[in-house]
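A short write-up of the structure that comes next.
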């Protein structure tokens, strides 16, 4: 990150400015936080936790650059935690649950997968585990290639990158039929819809996919089509 020479008091500093919310002054490893820089610019940082010599390490979500707090040459403060991480989990999921919205998403019947703008999985509900066979702990931090058959990856990433750049998807939320791959290697037919996730600053920060296993329906329709042609 490019150092800035002065904070609002006109002093060169790399110290964090304490927030009124004491809870967010002690970030939790794995948490994503909205950061205000001394210039008034807002950033999104992923807290990686303490490293060597007890230095706190962060990763800038937009640039991907990792750094420790001592290397930051300008004042900054944590505005809020983007994905609250309370000490409450859904039994068996391993995924931190902190709000009614989280409970709804975790228990919705369709598989829900959120990936950041690098295509890395950060949200994976119970239905996704049932459909694809990966527990949340196995899927979290993995590329979406985890469930995309190799033959479809090129087309997927071209569309994904275009959506991140353009701020819109080609299908505009309409569901599409595609193939996906389970942990066992089995391929299934999936009806999937995609939406972009936009933050309060108007930036595209990732995408969310809702998926439903329609393998039985597709196979039934193919069998019926073959029967009619005979």
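The values are calculated or read from the model by the stated rules, or taken from the named source; none is laboratory data. Computed from a prediction, not measured in an experiment: that's the story for all the values here. Don't worry about glycine lacking a Cβ; one is built from the backbone with ideal geometry, like all the others, and counts go over all protein chains shown.
Out of the residues in region 65-97 that are over 20 Å from residue 48 (Cα atoms) and assigned to a loop (DSSP other than H, G, I, E, B), which is modelled with the highest pLDDT?
93
Looking at (1) over 20 Å from the mean Cα position of the chain (by Cα); (2) not in a strand (DSSP E or B), which is the only condition residue 191 fails?
(2)
Only one residue in 115, 128 is touching a residue at least 40 places away in the same chain (Cβ under 8 Å), in contact with a strand residue (DSSP E or B) (Cβ under 8 Å, 6 or more places away or on another chain) and assigned to a helix (DSSP H, G or I), so which one is that?
The conditions single out 128.
Name every residue in region 194-225 that is over 26 Å from residue 150 (Cβ atoms) and outside any helix (DSSP H, G or I), in order of residue number.
197, 198, 199, 200, 201, 202, 203, 204, 205
Out of 115, 128, 111, I need the residue that is buried (at least 18 other Cβ atoms within 10 Å of the Cβ) and either out of contact with any helix residue (DSSP H, G or I) (no Cβ under 6 Å at 6 or more places or on another chain) or at pLDDT below 75 (or both). Which one?
So the residue among 115, 128, 111 that is buried (at least 18 other Cβ atoms within 10 Å of the Cβ) and either out of contact with any helix residue (DSSP H, G or I) (no Cβ under 6 Å at 6 or more places or on another chain) or at pLDDT below 75 (or both) is 128.
Test each condition in (1) within 13 Å of the chain's Cα centre (by Cα); (2) closer than 16 Å to residue 44 by Cβ for residue 208 and report the one that comes out false.
(2)
Just a yes or no: is a residue in region 155-164 assigned by TED's automatic domain parsing to the domain that holds residue 113, touching a strand residue (DSSP E or B) at 6+ places or on another chain (Cβ under 8 Å) and either more than 30 Å from residue 79 (Cβ to Cβ) or assigned to a loop (DSSP other than H, G, I, E, B) (or both)?
no
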